[in-house]
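The values are calculated or read from the model by the stated rules, or taken from the named source; none is laboratory data. A quick note: this is a predicted structure, and the numbers were derived from the prediction, not measured. Here the Cβ positions follow ideal geometry from the backbone for every residue, glycine too, while neighbour counts run over all protein chains shown.
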Amino acid sequence: MKEIFQEYGGILITVVAILAVIVVITAVIGKDENGAIGQAFMQIINNFVAQANANTGVQ
């Protein structure tokens, strides 16, 4: 076990750090539109499209 950590310790730490970042991003943004940021982003897009349609007269 000690040899494994001496040989691959840096790589293991890097992989764990990357996985942790992916998990945090997924938790914050959420899958689909169920996360706080995902909902806000969808609302911004929907408001933009609605305002653009209202300005051009498109229903």
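State yes or no: is Ile13 assigned to a helix (DSSP H, G or I), without any contact (Cβ under 8 Å) to a residue 24 or more places away in the chain and either of a type in the set (Gly, Ala, Ser) or surrounded by 11 or more Cβ atoms within 10 Å (Cβ to Cβ) (or both)?
When the stated conditions are applied, Ile13 passes them.
For the range 24-59, name all the residues that are within 11 Å of the chain's Cα centre (by Cα) and exposed (fewer than 10 other Cβ atoms within 10 Å of the Cβ).
Lys31, Asp32
Being at pLDDT 85 or above and not small (Gly, Ala, Ser) narrows it down to one of Glu33, Glu7, so name that one. It would help to see each step written out before you state the result.
Values: Glu33 fails: at pLDDT 85 or above.
When all the criteria are applied, what remains is Glu7.
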